[in-house]
1. Using label points projected 7 Å from each Cα along Cα→Cβ, tell me how many nm separate Asp329 and Lys98, to one decimal.
2. How large is ³J(HN,Hα), in whole Hz, for each residue of the stretch 209-226 in order, when computed from phi with the Karplus curve 6.51 cos²θ - 1.76 cosθ + 1.60 and θ = phi - 60°, using x for Gly and Pro?
3. How far, in nm, would the chain grow between Asn159 and Lys352 when pulled straight, counting 0.36 nm per residue and subtracting the alpha carbon separation?
4. Using only protein heavy atoms and a 1.4 Å probe, report how much of His389 is accessible, in Å² to the nearest 10.
5. Remind me, relative contact order of the stretch 349-418 in percent, using alpha carbon pairs under 8 angstrom and six or more residues apart?
6. So for the stretch 275-362, Kirkwood radius off the Cα pairs, Stokes-Einstein at 20 °C and 1.002 mPa s: how many µm² s⁻¹?
7. About the Cα centre of the stretch 260-364, how large is the charge dipole given +1 on each Lys and Arg Cβ and -1 on each Asp and Glu Cβ? Please answer in debye to the nearest 20.
8. Would you kindly state how much longer the chain becomes between Asn300 and Leu203 on full extension, computed as 0.36 nm times their sequence separation minus their alpha carbon distance, in nm to one decimal?
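The values are calculated or read from the model by the stated rules, or taken from the named source; none is laboratory data. All figures in this text were calculated on a predicted structure; none of them were measured in a lab. Cβ: placed from backbone, ideal geometry, glycine included. Neighbour counts: every protein chain shown. Ligands, DNA and RNA are excluded from the accessible area calculation, which covers all protein heavy atoms including side chains. Shrake-Rupley method; radii C 1.70, N 1.55, O 1.52, S 1.80 Å.
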Amino acid sequence: MKEKPYKDTLTLRDAGRICGPRSFSLMIKPAGSLCNLDCHYCYYLDKADIYGGKEPRMSLEMLETCVRKYIEANEVDRVCFNWHGGEPLVMGIDFYKKALEFEKKYGAGKTILNTIQTNGTLLNAEWASFFRDNGFLVGISIDGPSAIHNRYRRDKSGNPTLDRVLRGLDELNKAGVEYNTMTTINKSSEGHGLEVYDFLKSLGSHYMQFMPVVEHVVDRGARQYIVAPDTEGARKAPWSVSAIGYGRFMIDIFDYWVRHDVGRYFVNLFDSTLAGWVGAQSGTCAYAEICGGNSIIEHNGDVYCCDHFVYPEYRLGNIATDSLAELMDSPTQTAFGINKRNALPSVCLKCKWFKACHGECPKHRFSASPSGERGLNALCDGLKLFYEHVAPYMDFMKACLLKEMSPAAVMLWASNRR
């Protein structure tokens with residue numbers, strides 16, 4: 001197939017990003033893929049093989065290097081540390097106390113923020129007090145009511161985990177910790193969008209992130225091993241959500257939200273869609289025009305282009321020996337980010353929903369367009385279904401913003417609309 005003529009194209013926005021003050025996020029994985037759970041769909045558990053199958057932990061020496069270089073490489077006044085896993089709480093509170101010491105030591109007058117993503121099962125009163133006292137924003141991974149959550153989110157012994165997550169959430173609520181929820185949309189979620197949404201609201205979540213699960217696996221022993229889609233023998237994982245199932249899941253939530261909850265409850269896809277409608281930058285990397293600003297650092301200092309591309313060919317270097325600033329400015333990282341747009345099939349660039357979708361996440365681009373071009377997002381049909389459905393409401397909210405009115409005015413309009 002003929003090479004795309006726009007493959008190496010830079011837009012003015014690209015150039016501004018490259019030439020402007022360096023600003024990027026770094027997902028830090030101090031325990032690598034180490035986790036106390038064994039969620040069926042976790043794409044990170046199998047990354048342990050890259051490091052010999054060992055249970056890794058970041059040393060305090062590497063932690064100090066990471067904190068110092070991350071702060072120094074960001075040429076902006078606000079730097080956010082995103083602690084992730086695996087399960088980052090297995091490192092213990094003392095590790096994060098040291099992280100705060102290093103942040104203070106190397107902060108250089110910048111505003112330093114911290115977020116942490118956890119499965120919630122290890123949370124207790126001590127953790128909750130620590131997060132409250134130090135201003136951490138906590139992300140809780142929870143998929144919905146027990147029949148949905150416990151279908152795939154189990155511990156190493158195969159036991160359900162929802163009750164432990166709810167106990168952890170109770171500790172956060174008692175301590176007054178700010179948190180949001182991260183919810184996967186998988187096969188067991190299909191047809192239950194509003195049920196999941198109502199459940200999350202009942203827990204007190206006002207900021208909800210929904211992440212579609214589409215993975216590929218091969219059989220290795222008794223375990224279905226998650227691999228890149230182009231791996232020989234790979235097949236779609238049985239827990240993957242269908243494209244239409246994903247679209248309908250989000251529509252079911254949207255139809256209630258747009259009539260009752262605008263401005264009170266926040267859903268990442270809805271916020272990103274409105275941003276695309278008005279020509280603003282999306283706050284979610286999956287729906288941004290280009291990516292490359294959300295790299296990850298492993299327990300040993302290895303830096304990769306993205307959390308979803310932790311494969312040897314996407315390794316940028318190691319902060320123990322390399323300049324983090326140079327890794328972020330490298331041609332490899334720049335090309336990775338811009339290829340989010342430039343590697344799309346031409347049908348995507350002509351699509352009327354491109355302004356909101358931008359091809360979604362590259363990790364899902366393993367289908368073919370009608371003309372046979374590879375790289376079409378596997379969720380395309382569901383995304384089109386969603387955008388077609390929400391378009392009138394997005395048009396109304398866009399008009400509200402242009403008139404400097406609150407988008408929440410859409411609720412009355414939507415309630416009166418047949």
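1. For Asp329 paired with Lys98, the spin-label model returns 3.1 nm.
2. Couplings: 10, 10, 10, x, 9, 9, 10, 10, 9, 10, 8, 9, x, 7, 9, 7, 8, 7 Hz.
3. Numbers: separation 193, 0.36 × 193 = 69.48 nm, distance 4.55 nm.
Once the chain is fully extended between Asn159 and Lys352, it gains 64.9 nm.
4. The value for His389 is about 70 Å².
5. Normalised by residue count, the contact order of the stretch 349-418 is 18 percent.
6. 154 µm²/s
7. Details: 8 positive and 11 negative charges, 126 e Å.
Dipole of the stretch 260-364, to the nearest 20 debye: 600 debye.
8. Separation in residues times 0.36 nm, less the Cα-Cα distance, equals 31.3 nm.
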